[in-house]
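Participant: Pasting in a structure now, in structure tokens, and then I'll have a few things to ask.
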Amino acid sequence: MPRFSKAVLSLRSSEIRDLMTLASRPDIISFAGGMPGNDLFPVTAVEELFGGLDLKTKQAAFQYGPTPGLPTLLESLSGFLEKKGLPVKENRLLITTGSQQGLSILARAFIDPGDTVLVETPCFIGALSAFRACEAELMAIPLDGEGLSIERLEREIDIDERAKLLYLTPYFHNPAGLLYTAERKRQLIETLQGRDIPLIEDDAYGDLYFFEEDRQRLKPIKAINPEGIEVCYTGSFSKILGPGLRLGWMLLPEEIYAKCELIKQSADACSPSFTQVLADAFIRSGQIYSYIESVRLEYKRRAAAMVAALREHLPEYVKWNEPRGGFYIWLTLPEGADATDIMKLALQGGAVFVAGKTFDPDASSKRNNSLRLSYCNNTPEQIAEGIPIVADAIRKSCG
Ligand SMILES: Cc1ncc(COP(=O)(O)O)c(C=O)c1O
């Protein structure tokens, strides 16, 4: 066998990922992918925007660009982020190849093999992979209905003073669907101040809120700008324009930015100029705002269809969140239930989702009594057809 690195040898394809290959059959209704609906992409608008650019800009789109990002996109994106109250001028903005690259860069910036990283459980799988690839020890901290458990966070920080990073997705969590309360964010800030544990605040879904009244709750910790915490804020064009662009960003304190820029240089030199030109044109035309508004409404409609179907078909013993934004509903089944078993049954019926243990930071855990449903990628009609299949599979497996 080739002599791979220890870090790579620790990466494994899971049984669930193998099953997902089966699930890509076109006759299967998939509630698995955390991807926007293809039918929602602004294809014509982007075609027209590109067609309207001058020749020099079009040529630059084919060229290498500066590592931190095309200056014109950095400028237009700064305006977009300032509207959210983010302190762009006091920090540095780095364009990344998807926010996944941002997480990988931060992992490389901070983690030596064996270092502890504090994460939510459940946790976004891409972040877990980025931390695992740097041989981090993952310390899982549970979520309750309001956000990360402060009691557990304090306990872990006291036990393990070496914790290097805390990673959170407070706005329409993937996979838990949760939106942190303002009070929980306040407590978090209080707990972290002066602790020397940088916070990675992942805000991939914050723009996709369903209720105006949540706007205040969506204010990023980065925008609150608390003293005594290094906040590394990550965002993405994936859910508000298209993941195929492979564009995200990080808003970072100067010292952290300098290291991250060096790491990015060695990773890919620059993110795609072509899609940076497109994203820049999309922001400058103002269409990004109307587009986000339209997908927000569509995802709200899809979420409502899923909520209605779950209410009608799920057995009472299944607990789940009503989404306030984002892409996901998280189902908690009775203790001892096996979501992988349920997934196999659902696949036979023609529907699929992701079993909860995929998102468990503790890879050796046997617990698997939860699952993630995405409503983003299906019409209300497909949702109405697929949810009874999932409900049937749950009944067959759990009784
Ligand atoms: C919470 C979260 N963060 C980051 C990402 C990565 O997105 P991308 O690399 O496409 O920007 C995702 C993708 O699903 C996500 O759910």
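Just so you know, all these numbers are worked out from the coordinates, no wet-lab data involved. Keep in mind the model is a prediction, meaning the values are calculated, not measured. Ideal geometry is used to build each Cβ from the backbone, glycine not excepted, and the neighbour counts take in all protein chains shown.
Participant: Once you put a point 7 Å from the Cα of Gln348 and another 7 Å from the Cα of Glu90, both along the Cβ direction, what distance in nm separates them?
Facilitator: Here the modelled spin labels are 5.9 nm apart.
Participant: Further question: Work out how much length Ile159 to Gln265 would gain on full extension: take 0.36 nm times their residue separation and subtract the Cα-Cα distance, in nm to one decimal.
Facilitator: That pair, Ile159 and Gln265, stretches by 34.5 nm at full extension.
Participant: List the residues, sorted by chain then number, that are 5 or more residues from Ser370 or on another chain and whose placed amide H is less than 5 Å from its amide H.
Facilitator: The list, which skips near neighbours in sequence, is Leu333, Ala339, Gly356, Lys357.
Participant: Still on this structure: Can you give the extra length, in nm with one decimal, that the chain gains between Met35 and Glu316 once fully stretched, where that is 0.36 nm per residue apart less the Cα-Cα distance?
Facilitator: Computed gain between Met35 and Glu316 is 98.3 nm.
Participant: Given N residues in the chain, what is its alpha carbon radius of gyration divided by 2.2 N^0.38 Å?
Facilitator: Working it through for the chain, the quotient is 0.98.
Participant: Quick check: Cα centre of the range 218-280 to Cα centre of the range 325-384, how many Å?
Facilitator: The two parts, judged by their Cα centres, are 30 Å apart.
Participant: Okay, next question. Provide the per-residue ³J(HN,Hα) series for the range 302-313, in order, calculated from phi with Karplus coefficients 6.51, -1.76, 1.60 and θ = phi - 60°, each as a whole number of Hz, with x at glycine and proline positions.
Facilitator: With coefficients 6.51, -1.76 and 1.60, one gets 5, 4, 4, 5, 5, 4, 4, 5, 5, 4, 6, 10 Hz.
Participant: Convex hull over the alpha-carbon atoms of the range 63-287: what's its volume per residue in Å³?
Facilitator: Residue-normalised Cα hull volume stands at 113 Å³.
Participant: Sum up the lysine pairs in the range 63-287 that clear both bars: alpha-carbon distance under 16 Å and a spacing of 8 or more or different chains.
Facilitator: Within the range 63-287, the lysine pair count is 8.
Participant: Tell me, what ³J(HN,Hα) does each residue in the range 146-153 have, in order and in whole Hz, if you take phi through Karplus 6.51 cos²θ - 1.76 cosθ + 1.60 with θ = phi - 60° and put x for Gly and Pro?
Facilitator: Working through the residues one at a time gives 10, x, 5, 5, 5, 4, 5, 4 Hz.
Participant: Against the globular-protein guess of 2.2 N^0.38 Å, express the Cα radius of gyration of the range 40-161 as a ratio, rounded to two decimals.
Facilitator: In units of the globular-protein estimate, the range 40-161 measures up at 1.45.
Participant: If you don't mind, there's one more thing I want to ask. Along the Cα→Cβ direction, 7 angstrom out, place labels at Ala308 and Glu212. What is the inter-label distance in nm?
Facilitator: Taking the two extended label points, one gets 2.4 nm.
Participant: What order, most packed first, do the peptides 56-62, 191-197, 390-396 have when packing is the mean number of other Cβ atoms within 10 Å of each residue?
Facilitator: Result, highest mean first: 390-396, 191-197, 56-62.
Participant: Show me, for the range 281-292, the HN-Hα J-couplings you get by feeding each phi into the Karplus relation (A = 6.51, B = -1.76, C = 1.60, θ = phi - 60°), rounded to Hz, glycine and proline as x.
Facilitator: For the range 281-292, the Karplus-derived couplings read 5, 5, 5, 4, 6, x, 5, 4, 6, 5, 5, 4 Hz, x marking Gly and Pro.
Participant: So between Glu190 and Asp27, what do we pick up on full extension, going 0.36 nm a residue minus the alpha carbon distance?
Facilitator: 53.7 nm
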